[in-house]
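Everything below concerns the one structure shown next.
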Amino acid sequence: MDHIADISLIKKEEIVGSTSNNTWWIPLFIAWLMSFSASLLALFIGEVMGQAPCLLCWYQRAAMFPLAIVLGLACLYEDRSVWRYALPLAVIGGTIAIWHNLLYFNLVPTPLEPCGVGPSCSSADMVVFGGLPIPTLSLVAFMGVSSCLCLVKRKATP
């Protein structure tokens, strides 16, 4: 009987606080979905559509592919601290994507061309989803993953 009395002494704020603190996994799962989808799209464009990635696209892939694995494992093992090692990777990939977009849209006055060495993703056939350039999709993916990881940090840290 004493245990029943102890249960009734639990404050409502403690219950609400504990359940709201467990929502950190939702942005983590969304970040994993974005990174996994971006990785699959990059593989589809390269392997199915037959479009070889340019040098800057390769660098962005080098950041995105590990994110899909790391975030997937973090979801599986409920790793609340994943933002500590995944967020820097997403920020590095996002920085490369920003530079790629600045070059792609000719916003940076430089003698370097986007995709100047090797295949070019600046051609007209390198747009997907009705006209979105691949560098822009990469930037959106990195920004989305970074934003979700910032939410994970805020929700998982007491």
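Looking only at residues in the range 44-60 that are of a type in the set (A, V, I, L, M) and part of a helix (DSSP H, G or I), which one is farthest from residue 134 (Cα to Cα)? Break it down stepwise before answering.
Our first condition is that a residue be of a type in the set (A, V, I, L, M); within the range 44-60, this holds for 45, 48-49, 52, 55-56.
Narrowing further to those that are part of a helix (DSSP H, G or I): 45, 48, 55-56.
Working: 45: 9, 48: 15, 55: 13, 56: 11 Å.
Of everything passing the filter in the range 44-60, 48 is farthest from residue 134 (Cα to Cα).
Taking the range 40-74 only, how many residues are among the small types (Gly, Ala, Ser) and at pLDDT 90 or above? Before you say what the answer is, go through the steps one by one.
In the first step, residues of the range 40-74 are kept if they are among the small types (Gly, Ala, Ser); the result is 42, 46, 50, 52, 62-63, 68, 72, 74.
If we keep only those that are at pLDDT 90 or above as well, we get 42, 62-63, 68, 72, 74.
Qualifying residue count, the range 40-74: 6.
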Problem set entry | Where a residue in the range 69-86 is farther than 12 Å from residue 27 by Cα and its partner, wherever it lies, is surrounded by fewer than 16 Cβ atoms within 10 Å (Cβ to Cβ), with Cβ under 8 Å and at least six apart | 70/85; 79/73
Problem set entry | Enumeration of residues in the range 81-91 that are buried (at least 16 other Cβ atoms within 10 Å of the Cβ) and over 10 Å from the mean Cα position of the chain (by Cα) | 82, 83
Exercise. Does at least one position in the range 97-110 carry a residue that is over 30 Å from residue 26 (Cα atoms) and at pLDDT below 65?
Worked result: yes
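The values are calculated or read from the model by the stated rules, or taken from the named source; none is laboratory data. Quick caveat, the model's predicted, so the values are computed rather than measured. A quick note on method: Cβ atoms are made from the backbone with ideal geometry, for glycine too, and the neighbour counts reach across all protein chains shown.
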